[in-house]
Amino acid sequence: MRILVSSVGRDSHPTGICRVAASHAKALLSDRVASRVFLAIGSWQYELFRTLLGPCAPQVEFLVTNIRNNSASRNFWYAATLPRLAKAYGADLVHLSYPAPTFRRAFRGPVVVTLHDLYPYDMPENFGFPQYYANRAILWQCLSSVDGIACVSNTTHSRLEEIFPGTSRRVPTVVTGNYVEIPSEAPAPLASLEGMGSEGFVLTVAQHRKNKNLDLLIRGFTELANYGGFHGPLLIVGSEGPETAALHRLSKSLGVSERVKFIHSILDTELHWLYANCSIFVACSSIEGYCLPLVEAQANHARIVCSDIAILREIGGTQCIYFSLTGDAVRSLVNAMKTCMDQAAIETGPDCHLRKSSVLAEYSKLYSRANAVYLKRARDMTLDTDTTRTSI
């Protein structure tokens with residue numbers, strides 16, 4: 001099977017969607033699910049994906065598009081250019097890394113999409129007004145047009161059915177999770193940590209968005225540092241976003257700007273070193289579709305503190321210490337961090353259902369079912385055309 005994975009997006013530095021798309025492309029080749037893998041990306045993403053793919057980069061056929069990196073240009077590219085690319089390269093199936101404008105009849109093969117979250121409905125603050133209305137429209141249009149949907153978690157699947165009832169009956173849908181790749185290279189420490197790592201450090205990996213509650217983490221870290229006797233830094237690894245300026249102002253106003261380190265671009269080997277060597281890993285989100293950093297922290301046997309929400313319970317199970325986002329959330333977080341630091345390191349990695357072979361088995365099932373849906377649609381369209389001609 002010739003599969004075209006489309007990941008044209010705005011980011012030119014590592015994000016969850018980019019990293020998942022790269023891992024998926026590598027897995028499709030390594031497990032022989034696909035005979036050829038095409039990866040459609042923006043010209044500003046080329047170096048990023050070459051780095052993410054590593055030694056597998058020469059095996060992936062890059063389809064690099066030269067367009068302006070803005071929402072209008074990217075959406076038009078998905079609607080008008082992607083179908084032509086799929087036809088030109090003889091793709092048997094197109095896999096969208098995230099929901100994008102999809103006009104079904106323009107494709108000559110099945111189209112599936114990975115659904116990471118329902119943020120346009122659940123966290124419109126991430127997009128701002130009135131942009132989130134456009135995001136909602138694109139999400140609905142895409143889900144109404146594709147031949148298959150891969151939900152990254154049971155929580156995302158449940159929310160999909162709440163917002164768009166009956167979708168799973170109409171469109172083949174699977175729950176896949178995201179697997180973690182441990183780099184083959186030895187983990188490498190960050191040079192910027194020299195002189196700071198001896199006291200340990202608190203780690204979080206998150207974009208600077210409202211739902212990540214990084215302001216809560218900074219407040220909790222400040223209390224831990226001032227009254228809990230913790231002397232190391234807080235490392236916030238993730239791309240900048242709508243909350244970046246406010247987070248810097250908060251760190252300065254609390255007097256911890258020298259101890260809160262913002263890191264925006266990092267190699268996989270460096271990231272896994274951080275997971276493996278942090279005092280604790282913290283995820284403070286109020287809502288998530290999935291949480292790949294949590295799985296990565298588990299895979300590296302980190303001690304973990306999580307907000308007590310359904311998706312983090314689904315992923316973290318009994319391996320994490322949970323804190324409440326209701327009431328005095330700062331106090332609850334600080335108590336959880338103190339408790340976690342007193343515990344031994346985690347001995348086990350993520351559950352087996354997050355292994356690559358299991359995830360790819362679900363994708364293979366989805367591809368097969370999506371192809372059957374596509375063929376049925378094609379037959380129905382042919383019958384409709386024949387009926388119209390007969391009537392004329």
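Does region 49-67 include one or more residues that are at positive phi and either in contact with a Pro (Cβ under 9 Å, 6 or more places away or on another chain) or charged (D, E, K, R) (or both)? Checking region 49-67: at least one residue is at positive phi and either in contact with a Pro (Cβ under 9 Å, 6 or more places away or on another chain) or charged (D, E, K, R) (or both). Selection of first residues in region 82-93 that are closer than 15 Å to Ile41 by Cα and of second residues that are at pLDDT below 95 and not in a loop (DSSP other than H, G, I, E, B), restricted to Cβ pairs under 6 Å at least 6 apart or on distinct chains, gives the following pairs, ordered by first then second residue: Pro83/Ala106. Assess whether Tyr98 counts as being in contact (Cβ under 8 Å) with a residue 60 or more places away in the chain, in the same structural domain as Tyr374 (by TED's automatic domain parsing) and within 22 Å of Ser368 (Cα to Cα). Against the criterion (in contact (Cβ under 8 Å) with a residue 60 or more places away in the chain, in the same structural domain as Tyr374 (by TED's automatic domain parsing) and within 22 Å of Ser368 (Cα to Cα)), Tyr98 qualifies. Among the numbered conditions (1) outside any helix (DSSP H, G or I); (2) at pLDDT below 90; (3) among the charged types (D, E, K, R), tell me where Arg389 comes up short. Result: Arg389 passes all but (1).
For region 134-157, the count of residues that are more than 20 Å from the chain's Cα centre (by Cα), assigned by TED's automatic domain parsing to the domain that holds Ala22, at pLDDT below 80 and assigned to a loop (DSSP other than H, G, I, E, B) is zero. With a requirement of 2 or more residues that are closer than 20 Å to Leu271 by Cα, in contact with a Ser or Thr (Cβ under 9 Å, 6 or more places away or on another chain) and not aromatic (Phe, Trp, Tyr), the helices (runs of 4 or more DSSP H) lying completely within region 11-123 that satisfy it span 16-30, 46-53. When region 228-240 is filtered for residues that are free of Cβ contacts under 8 Å to residues at least 40 places away in the same chain and surrounded by fewer than 20 Cβ atoms within 10 Å (Cβ to Cβ), the ones remaining, listed by number, are Gly229, His231, Glu240.
In region 36-53, the residues that are outside the structural domain of Arg10 (by TED's automatic domain parsing) never reach a residue that is surrounded by fewer than 21 Cβ atoms within 10 Å (Cβ to Cβ) and not basic (Lys, Arg) with C-beta atoms less than 6 angstrom apart, at least six apart or across chains.
Scoring Leu235 on the criteria (1) assigned to a strand (DSSP E or B); (2) in contact with a helix residue (DSSP H, G or I) (Cβ under 6 Å, 6 or more places away or on another chain) leaves a single failure, condition (2). Touching a residue at least 24 places away in the same chain (Cβ under 8 Å) and touching a strand residue (DSSP E or B) at 6+ places or on another chain (Cβ under 8 Å), is that true of Ile263? Against the criterion (touching a residue at least 24 places away in the same chain (Cβ under 8 Å) and touching a strand residue (DSSP E or B) at 6+ places or on another chain (Cβ under 8 Å)), Ile263 qualifies. Put simply, of Val8, Val64 the only residue that is exposed (fewer than 15 other Cβ atoms within 10 Å of the Cβ), hydrophobic (A, V, I, L, M, F, W, C) and over 24 Å from Lys376 (Cβ atoms) is Val64.
Residues that are in a loop (DSSP other than H, G, I, E, B) and of a type in the set (Lys, Arg) within region 200-215 comprise just one, Arg209. Checked against (1) modelled with pLDDT under 85; (2) within 20 Å of Cys291 (Cα to Cα); (3) surrounded by 17 or more Cβ atoms within 10 Å (Cβ to Cβ), Ala21 passes all but condition (1). Among the residues of region 32-45, those identified as surrounded by 15 or more Cβ atoms within 10 Å (Cβ to Cβ) and either in contact with a strand residue (DSSP E or B) (Cβ under 9 Å, 6 or more places away or on another chain) or charged (D, E, K, R) (or both) are Val33, Ala34, Arg36, Val37, Phe38, Leu39, Ala40, Ile41, Gly42, Gln45. When region 306-343 is limited to residues that are assigned to a loop (DSSP other than H, G, I, E, B) and in contact (Cβ under 8 Å) with a residue 12 or more places away in the chain, the one that is nearest to the chain's Cα centre (by Cα) turns out to be Ile309.
The values are calculated or read from the model by the stated rules, or taken from the named source; none is laboratory data. Please read all numbers here as calculations on a predicted model, not as lab measurements. All Cβ positions, glycine included, derive from the backbone under ideal geometry; neighbour counts span all protein chains shown.
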